[in-house]
Amino acid sequence: MECEFPTVNSNNEEILEILDSVKTIAMIGLSPDESKASNMVAKFLQDRGYKIVPVYPKGETILGEKVYRSLLEIPFEIDMVDIFRKPDVFDAVADACIERGDVKVFWGQLGLVNNAAAKKAEDAGMRVVQNHCPKIELQNR
């Protein structure tokens, strides 16, 4: 996939509003490796009071939370998905969010953009953030 500039995105004010409103965040691609960005961001968010839900293909727990193999396996409400995977999986994540029906925010991490998937999520009623990191946004408040 070629590099994209985000054409579907929330502005800075909306991003802070999102971070103030969400409580439960499914972290797609949350690594158990403490040196990885996904783990550092999740730990930061967890320390700030967010409920983190790891979605990862291996392991039983990450940061003390049960690991789910897919977004569709999570048996409780999810406010936001934060995606730490390559943009080519965004479309499948958007489809899973739409199927769940409870995800309010579709978030692609810093450096990650897929406008087609973002538009699909937005058209389904989700707020969309791409190419941003919630940790950085919260630190810059």
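Result for the chain in a Gaussian network model with C-alpha springs under 10 Å: among Asn114, Asn39, Asn12, the largest mean-square fluctuation is at Asn12.
DSSP finds beta bridges in the chain, and of those with both partners inside it, around 10 percent are antiparallel.
At R0 = 25 Å, how high is the FRET efficiency between Leu110 and Gln46 if r is their beta carbon distance? Nearest 0.05 is fine. The computed FRET efficiency comes out at 0.85. Picking from Val55, Val129, Val22, which is most flexible by a Gaussian network model of the chain using Cα springs under 10 Å? Residue with maximal mean-square fluctuation among Val55, Val129, Val22: Val22. Carbon and sulfur together cover what percent of the accessible area of the chain at a 1.4 Å probe radius? Here it works out to 49 percent.
Let a ≥ b ≥ c be the square roots of the eigenvalues of the Cα gyration tensor of the chain; is it rounded (a/c under 1.5), or, if not, prolate (a/b larger than b/c) or oblate? Because its axes are fairly even, with a/c under 1.5, the chain counts as rounded.
Springs between Cα atoms under 10 Å define the GNM used for the chain, and in it the highest mean-square fluctuation of Met40, Met80, Met126 occurs at Met40. Here the range 7-30 is scanned for amide nitrogen atoms under 11 Å from the site 7 Å beyond the Cα of Glu77 along Cα-to-Cβ, giving 23-24. With R₀ fixed at 25 Å, the C-beta to C-beta distance from Asp102 to Asp33 puts the FRET efficiency at about 0.30. Annotation for the range 1-41: GluC sites (Glu not before Pro) lying in DSSP loop with at most 16 further Cβ atoms inside 10 Å of their Cβ are Glu2, Glu4, Glu34.
The values are calculated or read from the model by the stated rules, or taken from the named source; none is laboratory data. Since we're looking at a predicted model, the values are computed, not measured. Glycine gets a Cβ as well: all are built from the backbone with ideal geometry, and neighbour counts include every protein chain shown. Areas reflect the complete protein model, heavy atoms only, side chains present, ligands, DNA and RNA absent. Shrake-Rupley method; radii C 1.70, N 1.55, O 1.52, S 1.80 Å.
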